[in-house]
Amino acid sequence: VFFFFFSSRRRHTRSSLVSWARRCVQETGINAEYMGIPRMIKIVFLAFLFAFSFQSIGVLTPPPEKLTEEMAKCLVKDKAKFIVIRAFTSDGKVDANVLENYKIAKAAGFTDIDVSISPCVPCEPAEQIADMMKALTGLKFGKVWINCDVPGWREFKSFNQLFMEDMVAAIKAKGAKPGILSSKHVWEENFGASYNKCSNEPLMYENLDKKPDFKDFKPFGGWRKPFAKHFLSGESVCGGKFEEAYKAQNLMTLKLLSQPFN
């Protein structure tokens, strides 16, 4: 869990504060020379405080571990707001814990719930999506994250590309919203550096640098901006091990993710 705070012991001189405010304002494209210093500082501080007021946190358990009531309540108590529950595994089966995990997360107070699928590459995309969606009947969730870090991708990238396109289309055909979860390396290795037909879908990229920000992001697959970042793996929180992700909504939202792989 990450906490952001201001130290009362850290003080700025007026000159350093003015310099900092001028740089911040100039980055917005406004000519700071035409603004009064008090007004400039006030605008920057208001924007800064407004941005941080939207921070939130969220998580989930990786398999084969189940989410317990104690874990879920602890996560919510720690201000967790976002959770991704694996619904389908790369061996072609609906995750045996998905319904119980969803029920426990919902009861604990999670309102922002996504699901993920670790696709079975040898299986038909439409069939596995149909099986997954049937198991999720009656459940309300946001996105279906397609985890690309799975075994079974073929040597021929054209096959992998068609598979991914069929997977995305099958999710949309069921009335759900697909998202892509992949690192730059995994994507380019399996789909090709120039392949960009999924770039209209939200991207959660992976870089386990332990930094909850997008400063490291390098465009790939046609994506110029990410939706989220998987940045930390195997973190011990609330009695379980979790994957963590930074998710930016309105540019300034911090969240945790437990993304179960494979």
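Given the range 111-168, report the % of alpha carbon pairs whose separation exceeds 18 Å. Before the final figure, lay out each step's value.
Working: 570 of 1653 pairs.
Of all Cα-Cα distances in the range 111-168, 34 percent exceed 18 Å.
About the Cα centre of the range 110-262, what is the dipole size in debye to 20, counting +1 per Lys and Arg Cβ and -1 per Asp and Glu Cβ, all else neutral? Numbers along the way, then the final one.
Numbers: 20 positive and 19 negative charges, 105 e Å.
With only Lys, Arg, Asp and Glu charged at Cβ, the dipole is about 500 debye.
As a test of understanding, state the convex hull volume per residue of the range 110-262 from its alpha carbons, in Å³. Intermediate values should be presented prior to the final figure.
Working: hull volume 18.7 nm³, N = 153.
Normalising the Cα hull of the range 110-262 by residue number yields 122 Å³.
Hey, what's the range 146-251 come to in accessible area per residue, 1.4 Å probe, Å²? If you can, show how the numbers build up before the last one.
On the way: 5370 Å² over 106 residues.
The answer is 51 Å² per residue.
May I ask for the net charge around Cys120, where only other residues with Cβ less than 11 Å from the Cβ of Cys120 are counted and Lys, Arg are +1 while Asp, Glu are -1?
-3
Using a 1.4 angstrom probe and counting only protein chains, how large is the accessible area of Met204 in Å², to 10?
Here the accessible area works out near 0 Å².
If the limit is 27 Å between Cα atoms, which of Lys106/Lys225; Lys93/Lys143; Lys93/Lys218; Lys93/Lys225 go over it?
Working: Lys106/Lys225 30 Å; Lys93/Lys143 19 Å; Lys93/Lys218 34 Å; Lys93/Lys225 32 Å.
In this structure, Lys106/Lys225; Lys93/Lys218; Lys93/Lys225 lie more than 27 Å apart at Cα.
At 0.36 nm per residue, minus the direct Cα-Cα distance, what do Glu235 and Lys77 gain on full extension? Give it in nm, one decimal, please. Display every interim value, and only then the final one.
Numbers: separation 158, 0.36 × 158 = 56.88 nm, distance 1.72 nm.
Between Glu235 and Lys77, full extension yields an extra 55.2 nm.
Gain in length, Lys172 to Leu139, computed as 0.36 nm per residue apart minus the alpha-carbon separation, to one decimal in nm? Mind showing how you got there, number by number?
Values: separation 33, 0.36 × 33 = 11.88 nm, distance 1.63 nm.
Using 0.36 nm per residue and subtracting the Cα-Cα distance, I get 10.2 nm.
With bins 5 Å wide starting at 0, give me the P(r) of the range 61-129 over every alpha carbon pair, in whole percents.
Over the range 61-129, the share of Cα pairs per 5 Å bin runs 3, 18, 27, 21, 13, 10, 6, 2, 0 percent.
Enumerate the amide H contacts of Gly179 below 5 Å, restricted to partners 5 or more residues apart or on another chain; note that Pro and chain-start residues carry no placed amide H.
Placed amide hydrogens put Val144, Trp145, Ile146 under 5 Å from Gly179.
Quick check: pseudo-label points 7 Å beyond the Cα along Cα→Cβ at Ser194 and Glu100, how many nm apart are they?
For the pair Ser194/Glu100, the computed spacing is 5.0 nm.
The values are calculated or read from the model by the stated rules, or taken from the named source; none is laboratory data. Remember, it's a predicted structure, so these values are computed and weren't measured experimentally. When we count neighbours, we look across all protein chains shown, and the Cβ atoms used for this are built from the backbone with ideal geometry, even at glycine. Side chains are part of the model used for accessible areas, which takes the heavy atoms of the whole protein and leaves out ligands, DNA and RNA. Shrake-Rupley method; radii C 1.70, N 1.55, O 1.52, S 1.80 Å.
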